[in-house]
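See structure below.
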Amino acid sequence: MLKEKNILLFIILLSLFIFNGCNDIPNNVVELKNVDYKVVKISAPDTLVYNPSDSSFTSSISIKNTGTVKKVWFSISTLDGTNFLKENVIMSDNGDTQVSGDKNKDDGVYTGKTILGKNINSAAYEIDYFVEDRIRSIPESIVKVGTKEFYFQSAIDNSPPELSDLSMPDSVNRGESFVFSIKVTDANGLNDIAGVYFELYRPDNSIVNTGSGDTKFPMFDDGNTSQSGDVTAGDGIYSLKNSFGSTSQTGLWRFEFRAFDRAHALSNSVTKKLLVK
């Protein structure tokens, strides 16, 4: 009889333990899953020529293991990333050829479509592709998964930039800091300017190297007076703060200035000789 009571008591205690243990299990536990999608292929035109009857731009990206994919999109910008043509163009795998340009639903190919208007300048542009996953939180969940460059041929006639109004002293002493600047204009707008630079020749007519194998020294329109010497950002006046070292050749140094736009058209050349003493 005592043995049966002990067995009954053990069963009761075990039931209480199981019941209480179940109450301790959180009810918001979800299955942990890894971000396992993989980009297989990116498709976009290498060149797009503006057509007034259809100026749409379509691009697609193929992804394997799409279960963890929440959202896919692309943005189009200038190569230096300073100006955006289009931002956050949603790419869908919905089979809607009219809206997204996607051909087949749920095949792992995400497609997006946008319009590139006639007022966009001819230039090379960059497409950046992004994926947001369902597993992690923003910003970790958003990843740039690829880039592609393409050239857009606009309806606008491209005009090369023009240089003018060079401001530079006639002479400087070695070790003396000085600032020089030059104005650039472009019929297609200042946003079409891709860069302004100069090449520098010593008194013995040898060209100066930047140290990275190039001979083109960039100038800046960034408003950073302390670094570049430029006064106002974005006004089309490019500047540079410079000085000649104590061992530099004395005599007449020659500066040759050029600008180029996003269609790679070169400006006129402006030349200035500076006496280094």
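The values are calculated or read from the model by the stated rules, or taken from the named source; none is laboratory data. Just so it is clear, the model here is predicted, and its values are computed rather than measured. Counting neighbours? That spans all protein chains shown, and the Cβs are built from the backbone with ideal geometry, glycine included. Ligands, DNA and RNA are stripped out before the accessible areas are found, and what is left, the full protein with its side chains, is counted by its heavy atoms. Shrake-Rupley method; radii C 1.70, N 1.55, O 1.52, S 1.80 Å.
Among the strands (runs of 3 or more DSSP E) confined to the stretch 171-277, the ones with at least 3 residues that are among the hydrophobic types (A, V, I, L, M, F, W, C) are located at 178-185, 193-201, 251-261, 270-276. Filtering the stretch 61-82 for residues that are out of contact with any Leu (no Cβ under 8 Å at 6 or more places or on another chain), of a type in the set (A, V, I, L, M, F, W, C) and without any contact (Cβ under 8 Å) to a residue 24 or more places away in the chain leaves an empty set. Scanning the stretch 183-226 for residues that are charged (D, E, K, R) and either without any contact (Cβ under 8 Å) to a residue 12 or more places away in the chain or within 20 Å of SER239 (Cβ to Cβ) (or both) yields LYS183, ASP186, ASP192, GLU199, ASP214, LYS216, ASP221, ASP222. Being open to solvent by less than 80 Å² (accessible area, probe 1.4 Å) and within 30 Å of GLY223 (Cα to Cα) is a property that holds for VAL184. Would you say SER228 is under 26 Å from the mean Cα position of the chain (by Cα), at pLDDT below 95, open to solvent by less than 30 Å² (accessible area, probe 1.4 Å) and closer than 28 Å to LEU85 by Cβ? It is true that SER228 is under 26 Å from the mean Cα position of the chain (by Cα), at pLDDT below 95, open to solvent by less than 30 Å² (accessible area, probe 1.4 Å) and closer than 28 Å to LEU85 by Cβ. Listed by first and then second residue, the pairs linking a residue in the stretch 233-259 that is on the phi > 0 side of the Ramachandran plot and open to solvent by less than 40 Å² (accessible area, probe 1.4 Å) to a residue that is at pLDDT below 95 and of a type outside the set (Ser, Thr, Tyr), with Cβ atoms under 8 Å apart and 6 or more places separating them unless they lie on different chains, are GLY236/LEU190; GLY236/ILE193. In the stretch 132-153, is there at least one residue being within 26 Å of ILE237 (Cα to Cα) and open to solvent by 70 Å² or more (accessible area, probe 1.4 Å)? Within the stretch 132-153, not a single residue is within 26 Å of ILE237 (Cα to Cα) and open to solvent by 70 Å² or more (accessible area, probe 1.4 Å). Considering the stretch 98-117, the residues that are hydrophobic (A, V, I, L, M, F, W, C) and farther than 20 Å from VAL49 by Cα include one that is surrounded by the most Cβ atoms within 10 Å (Cβ to Cβ), namely VAL109. Going through (1) in a loop (DSSP other than H, G, I, E, B); (2) open to solvent by less than 20 Å² (accessible area, probe 1.4 Å) one by one, LEU163 falls short only on (1). On the stretch given as the stretch 118-131, residues that are over 15 Å from GLY146 (Cα atoms) and surrounded by 17 or more Cβ atoms within 10 Å (Cβ to Cβ) total 4.
Each row is one residue, and each column tells you yes or no for (1) of a type in the set (D, E, K, R); (2) under 22 Å from the mean Cα position of the chain (by Cα); (3) at pLDDT 95 or above.
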residue	(1), (2), (3)
LEU85	no, yes, no
ASP93	yes, no, yes
GLY112	no, yes, yes
ILE115	no, yes, no
GLU132	yes, yes, yes
